[in-house]
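What follows is one structure encoded as structure tokens, with my remarks underneath.
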Amino acid sequence: MAARCVSVGVPVPGLGRLTYRVPEALPLPVRGARVTVPLGTRAVTGCVIEAPVAPPDTNTLRDIIEVIDTDAFLPETVVALALWVAEYYAAGPGDALLNAMPPKARTGDASAFRRVPVAVWKAEALVLRKTALKGDKQRVAAELLQRTPEGVPLSALRREGVSLATVRSLERAGLVAIHDEIVERDPFETVGGTDRTQWSLDGTTPQGRELTPEQAHASRHLEDAVIAGLFKTILLQGVTGSGKTELYLRLADLVLRRGRRVLVLVPEIALTPALAGLFRARFGRRVTIQHSGLSDGERHDQWHRIRRGEVDVVIGTRSAVFAPLDRVGLVIVDEEHDHAYKQEEAPRYQGRDVAVVRGRMEGAVVLLGSATPSLESAANAAAGRYDHLTLTQRVWNKPLAEVRLVDMRKEFTAHGADVMISQPLWEALELRLSRGEQSMILLNRRGFATVVFCRQCAATMECPHCSVTLTYHRTARKVRCHYCNYASVIPKACGTCGGEFLEQSGFGTERVEADVRARFPGARVVRVDRDTIRRRGAIAKVLTAVARGDVDILVGTQMIAKGHDFPSVTLVGVVSADVGLGVADFRAAERTFQLLTQVVGRAGRGDIPGEAIVQTLYPDHYSVKAAAAQDYAAFYAQEIDFRTRMRYPPTIGLVNVVVRGPSLGKALDDANALAAVTRHAGARARLLGPAPAPLSKIKDEYRAQFFLKGVHRRAMRDAIEHALTQRPELRRRTVVDVDPYSTS
Ligand code: ADP
Ligand code: ZN
């Protein structure tokens, strides 16, 4: 009899499908089931891709060790989606499949469910053995347990003063049974931490409210698409506060009533707890969330609830695009332009784009929402591939903030080159303080000073492991590398010339906070950046404090620009609008425009009109001007023209290949070797480079890169794949990034 074989994906980057034999004693596993297989000297968890397959022509065929699942662990759509990701993003199929599983599934750990001991009163015992209760403690316990027929966890009894010994004595008397029960960890306990009341206030009054005319028009279009029940992608472009979320909720409601389910992707849950809260308030327990801020245990529990069909709405960050939800009728991608949708490790997928593919596989409506659509989505809409709906007005015509541009070159001339906060911004802050209104100050750079240099020889302090300068953090009294976290105290003398005149320049959020405090000693100032928000739940605390009015001035990085709705913030100051513009990155203008538009949208969401003051060195740059005018169309026209002329995405496809090495010379040699093979392998693309990457060293590894630009993505991927097959030893040191976000 011929050997029974299956093809399996294992989580090793770049490794293709492997064929294994299924020994007689084991059942034939199905596609999507997990198996344990030998790999080299290890045993790893893999996922079955096809079963059975024809035995290959080899006698080194190895046996599967264990079949973990008798049924498919991943549903068929998710298997197909993961395989699409593997192919499109040039990742290994095993990597993509295992990435689609919840954390503990990857190690095949069935004990990941949380079990707690629970005491249950035996109902029939009451009549028979009433006399058996000997003492007060037992009587208290008995009463508690009789009132709760489904049982009480021992930990809860302990809190009520009932000891384990007492419960055990009742168990011995035959009155109580103790057994382990699976408990589900509620992910909403950790999201946004505390402030659920705020969410439900908004979420519980849906039906009564009338849609604005623009909303009503968009809503009819969306409902028609859902009723048609076919795949369609719709870009919903609406300024901040135009009522997009309201449309999401109504559409989700319609989809659920038609017996299908809803997947909602958000860039970062911790920064936008409101959306998750609104869905929870409207749809109750059949909503769950999936994101990396949850503990492994929480994610595990929720994943299995979804898989069992107990959930109708999944809200999550990019990995939730692989949620094992079936009968999906609607996929919403909120803030679709956000760069957090791009995963910067293998598999390097773009969650928004994968969401569109999932929608196609499910025959679902895909709704992409943003005030500042990505160039990709806007171009797709312009080409007619996506429907395009717009909301141009804020709900009830609350005006957008008035924006003032401050030309910092003039400020420098008038007040000296070390001005950080301009005169107009100081005055505006003072006015808000005197009126008891709140302000926000954005600077997208953390730390106190961004450069430490020697006045004698001009040397700058660089990270010993990376090709970047170290940032000075005053509170921590350290200089720190923002790439590898290397930290050291500031030395007394320059490491290059021995001179004792070390100085700092450049500034970050820590310095802004210090200056603001110094100027307004009585003000309540809070800073939000990755230095202050390390612990889980910390951001939620700050947001709650701002919402309660306990903060006068909020200073922060782009974290504060995301979707929070603070009605009493009436002033937004942007300290340096052009932080990102100097970076050698074709998305620099787009990032700048999006960030500025988002943060300006934060001002004046309540009843008082808002004001935004934007400090810039480039008041004439189109990204700054268009953001100040809140004019997306103007920005898009200029930017798509730039991308077309320079042949950048979305007008062509781009693949970034980075080769790491122990020296720059070695990295360049290897990159050259790969590029040479790629060039002759029919990539049908232009190859640029190789050259040292802009960040030529990170964590002691040198980096060289080359790009492929072309319209035939498959040909480009196949050519690189062919080159890597010729030089398999380079696979471990090579990153292939299809549709890259960062080109540094
Ligand atoms: P967006 O998601 O576009 O930023 P939201 O959906 O959050 O906008 O709406 C902004 C605010 O207006 C929210 O407080 C929301 O509850 C409210 N809102 C939305 N639609 C309506 C409506 N039709 N009538 C009254 N208030 C509305
Ligand atoms: Zn470093």
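Dipole magnitude for the stretch 653-738: computed about the Cα centre from +1 point charges on Lys and Arg Cβ and -1 point charges on Asp and Glu Cβ, it is near 200 debye.
With the biggest extent put first, the Cα atoms of the stretch 640-692 measure 39, 23, 11 Å across the principal axes.
Along each principal axis, taking the top coordinate minus the bottom one, the Cα set of the stretch 618-666 gives 48, 25, 15 Å in descending order. Projecting the Cα positions of 615, 601, 626 onto the charge dipole of the stretch 599-689 (unit charges on Cβ atoms of Lys, Arg, Asp and Glu, taken about the Cα centre) puts 626 furthest along the positive direction. The simple Förster model, with R0 at 25 Å and r as the Cβ-Cβ distance, assigns residue 60 and residue 673 a FRET efficiency of 0.30.
The Rg/Rh ratio of the stretch 5-111, with Rg taken over Cα atoms and Rh as the Kirkwood radius over Cα pairs, comes to 0.93.
A full extension of the chain between residue 520 and residue 409 corresponds to an added length of 37.4 nm, given 0.36 nm per residue minus the alpha carbon distance. On the basis of the beta-carbon distance and an R0 of 25 Å, residue 308 and residue 171 show a calculated FRET efficiency of 0.20.
Cross-link pairs exceeding 31 Å between alpha carbons, from the set 478/541; 342/709; 232/709; 410/709: 410/709.
When only alpha carbons of the stretch 637-731 are considered, Rg and Dmax amount to 14.2, 45 Å.
Placing a label point 7 Å from the Cα of residue 140 along the Cα-to-Cβ direction, the residues of the stretch 154-168 with a backbone N closer than 12 Å are 157-164, 166-167.
Mark the label point 7 Å from the Cα of residue 634 along Cα→Cβ and return the residues of the stretch 240-254 whose backbone N is within less than 18 Å of it. Within reach of a label on residue 634: 240.
Once the piece of chain linking residue 608 and residue 397 is laid out straight, how much longer is it, given 0.36 nm per residue of separation minus the C-alpha distance between them?
Working it through step by step, the gained length comes to 74.7 nm.
With contributions of -39500 (n - 2.57) from each DSSP H run of at least four residues, the per-residue ellipticity at 222 nm computed over the chain stands at -9500 deg cm²/dmol. What spacing in nm lies between the two simple spin-label points modelled at residue 699 and residue 50, each 7 Å away from Cα in the Cβ direction? Between residue 699 and residue 50, the label points sit 3.5 nm apart. As a proxy for reagent exposure, 240, 77, 471 were ordered by neighbouring Cβ count within 10 angstrom, fewest first; the result is 77, 240, 471.
Counted residue by residue at 0.36 nm each, then reduced by the alpha carbon distance between them, the extension gain from residue 478 to residue 24 reaches 157.2 nm.
Computing FRET efficiency as 1/(1 + (r/R0)^6) for residue 493 and residue 584, where r is the C-beta to C-beta distance and R0 is 45 Å, gives about 0.85.
As a test of the definition: which semi-axes, in Å, follow for the chain when you take the square root of five times each eigenvalue of its alpha carbon gyration tensor? Largest first, please.
Ellipsoid half-lengths, sorted descending, are 44, 38, 29 Å.
Sparsely packed loop sites in the stretch 1-88 (the GluC sites (Glu not before Pro) outside DSSP H, G, I, E and B with at most 12 other Cβ atoms within 10 Å) comprise 24. For the stretch 339-419, chymotrypsin sites (Phe, Trp or Tyr not before Pro) meeting the loop criterion (DSSP other than H, G, I, E, B) and having at most 14 other Cβ atoms within 10 Å: none. Its alpha carbons considered, the stretch 188-397 gives a radius of gyration followed by a Dmax of 16.0, 47 Å.
With a simple spin-label model that places each label point 7 Å from the Cα along the Cα-to-Cβ direction, the separation between residue 530 and residue 714 comes to 3.8 nm. Placing unit charges on each Cβ (+1 for Lys and Arg, -1 for Asp and Glu) gives the chain a dipole about its Cα centre, and among 251, 138, 508 the Cα reaching farthest toward its positive end belongs to 138. Ordering 351, 708, 646 by the projection of their Cα atoms onto the charge dipole of the chain, which places +1 on the Cβ of Lys and Arg and -1 on the Cβ of Asp and Glu, puts 351 at the extreme positive end. Only the Cβ atoms of Lys and Arg (+1) and of Asp and Glu (-1) were treated as charged; on that basis the dipole of the chain about its Cα centre amounts to roughly 1240 debye. Qualifying trypsin sites (Lys or Arg not before Pro) in the stretch 383-415, where qualification requires a DSSP coil assignment and no more than 16 other C-beta atoms within 10 Å, comprise 385.
Each value in this text was obtained by applying a stated rule to the coordinates, not by laboratory testing. In this text, all values refer to a predicted model and were calculated from it rather than measured experimentally. Cβ atoms come from the backbone with ideal geometry, glycine included; neighbour counts cover every protein chain shown.
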